[in-house]
1. Using packing as a proxy for protection, rank 27-37, 58-68, 92-102, 44-54 so that the peptide with the highest average count of other Cβ atoms within 10 Å comes first.
2. At what distance in nm do the modelled label points of Phe101 and Cys89 sit from each other, each positioned 7 Å from its Cα along Cα→Cβ?
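Just so you know, all these numbers are worked out from the coordinates, no wet-lab data involved. Everything numeric here is computed off the predicted structure, so don't read it as measured data. All Cβ positions, glycine included, derive from the backbone under ideal geometry; neighbour counts span all protein chains shown.
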Amino acid sequence: MIFRPTHLERTPHPRPTHIAYVEWFDIKGRDSDIDMFYVQKAYNRQGRPQTDIVPLDSIVQPCPLAPQFGRIAAKLDPSPSNPINGTTCISNLTKFWINSFHSKATYQSIF
């Protein structure tokens with residue numbers, strides 16, 4: 001999510017005009033058969049997802065993720081109360097592929 005802070009304190013240090021909320025992932029490895037890296041959500045000591053607020057200009061590009069269902073796909077309950085879709089999969093799943101084929105820029109950044 002991207003924000004534009006409306007109330008900034010007056011300080012001698014420049015403040016970013018836009019900030020972003022990010023969730024961090026740990027790189028777990030690379031599958032050479034499909035040429036993709038796999039990542040897992042990073043968690044803090046309290047067991048909550050590792051998140052941060054960063055200046056928007058520190059982000060080079062988005063990281064397109066594809067869910068890594070594996071054997072759990074059959075166990076997922078895609079009921080109306082627990083849907084697995086493009087909006088909810090980041091909340092309901094923990095393992096993902098970095099989709100290096102999403103764009104030429106992504107591929108060149110990764111390899």
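1. Working: 27-37: 11.6, 58-68: 13.6, 92-102: 17.1, 44-54: 9.9.
In descending order of packing, they fall as 92-102, 58-68, 27-37, 44-54.
2. Those two pseudo-labels are separated by 1.4 nm.
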